[in-house]
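Heads up: the structure comes next, in structure tokens.
The values are calculated or read from the model by the stated rules, or taken from the named source; none is laboratory data. Remember, predicted model here, so these are calculated numbers, not experimental data. Note: ideal-geometry Cβ built from the backbone for every residue, glycine included; neighbour counts use all protein chains shown. Only protein heavy atoms, including side chains, enter the accessible area calculation; ligands, DNA and RNA are left aside. Shrake-Rupley method; radii C 1.70, N 1.55, O 1.52, S 1.80 Å.
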Amino acid sequence: MYSEKVMDHFQNPRNVGEIENASGVGTVGNAKCGDIMRIYLDIDDETQVIRDCKFKTFGCGAAVATSSMATELVKGKTVQEALLVTNKAVMEALDGLPPVKVHCSLLAEEGIHAALWDYAQKHNLVIEGLQQPKSDISEEEEEEDY
Ligand code: FES
């Protein structure tokens, strides 16, 4: 049911932990399943390149695997490029997820957006295309479900 890459990132998740004095921190949750994700970003102020990214989650295996891959993908990218790391891009990099687990990958994407938003707020920056994150990502899903 899960690809080898998903199993690998679930069993050996990359970038788990916290970043002290992070440039941006984002926390999001899904009220439906109760899972929570926190993303930490270390960003170079001159170049706006993401030097490091870590995550902590109280979430399911698919949330762990997608966050592990998402944090790998945003490292080394600029804040603008990081916006292109969507949940779809993460799922592709993992060779897919079962349809019932697609919503789990949104936690990572929204967590990264929330951390970028936090960074932008602290530095009085506007990151083009970045919208104010929601704390509960399940609101959006409900619209899609019905
Ligand atoms: Fe909640 Fe996967 S079931 S994030």
* Go through (1) closer than 18 Å to Lys134 by Cα; (2) within 16 Å of the ligand (Cβ to nearest atom); (3) open to solvent by 40 Å² or more (accessible area, probe 1.4 Å) and name the single condition Phe10 misses. => (1)
* Examine region 35-48 for a residue that is on the phi > 0 side of the Ramachandran plot and without any contact (Cβ under 8 Å) to a residue 40 or more places away in the chain, and state whether such a residue exists. => yes
* Name every residue in region 44-74 that is more than 16 Å from Leu94 (Cβ to Cβ) and either crowded, with 24+ Cβ neighbours inside 10 Å or within 16 Å of the ligand (Cβ to nearest atom) (or both), in order of residue number. => Ile50, Cys53, Lys56, Phe58
* Residues in region 19-33 that are open to solvent by 40 Å² or more (accessible area, probe 1.4 Å) and in contact with a Phe, Trp or Tyr (Cβ under 8 Å, 6 or more places away or on another chain): how many? -> 1
* **Extreme residue, nearest to Asp44 (Cα to Cα), among residues of region 90-120 that are of a type in the set (A, V, I, L, M, F, W, C) and within 11 Å of the ligand (Cβ to nearest atom)** => Ala108
